[in-house]
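To start, the structure itself, in structure tokens.
The values are calculated or read from the model by the stated rules, or taken from the named source; none is laboratory data. These numbers were taken from a predicted model, which means no experiment stands behind them. When we count neighbours, we look across all protein chains shown, and the Cβ atoms used for this are built from the backbone with ideal geometry, even at glycine.
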Amino acid sequence: MEPKLYTITELTSILDLHPKTILRFIHEGKIAARKIGRSWRVTEDDLKAFCHGELSGPATPGPAPDYDTLKDRISVSAVIEINEQNSEEASRISNSIMAMLNSDMGSDGKSRFDFFYYPEIEKAKYVFYGSPGFIRRIIGTFELLCGERGDDNG
């Protein structure tokens, strides 16, 4: 008895997958297939092996998360935009932020700050990178500047 061979089109309706997905699975070796002429064919046994492998294969656990070193690996970013008509005022704010970073506030050595001013839209953009605590202190500083400390109404 000759084995049943399925085309990509037939597999599309059987597996309810896009033809490109099936071809990718073939190229990745997830579905065993043979090229006959210019088209791919999958035997019934190979199709069953793929289906059973997908459904009954043991889940391989990933590596356990290392929470002990997370604080050394994590970096948080924040962008603060201010509508500012005067580039000199935006630069003064930037210089004040740099002074804060050079003090104890930015002493972890992993924090970074970028400043951009866009005169065509009159907007200053302050971009911060660092630890969660550093970003929390930066946002707290801007809350104080805005008079919003302790105000949860946002």
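Name the residue that is surrounded by the most Cβ atoms within 10 Å (Cβ to Cβ), counting only residues in the range 49-106 that are modelled with pLDDT of 85 or more and polar (S, T, N, Q). Taking the candidates together, the pick is Ser94. Contact map, the range 13-29: first residue in the same structural domain as Trp40 (by TED's automatic domain parsing), second residue at pLDDT 90 or above and of a type in the set (Ser, Thr, Tyr), Cβ cut-off under 9 Å, separation 6 or more or different chains; pairs are Ile14/Tyr6; Leu15/Thr21; His18/Thr12; Pro19/Thr9; Pro19/Thr12; Thr21/Thr12; Ile22/Thr12.
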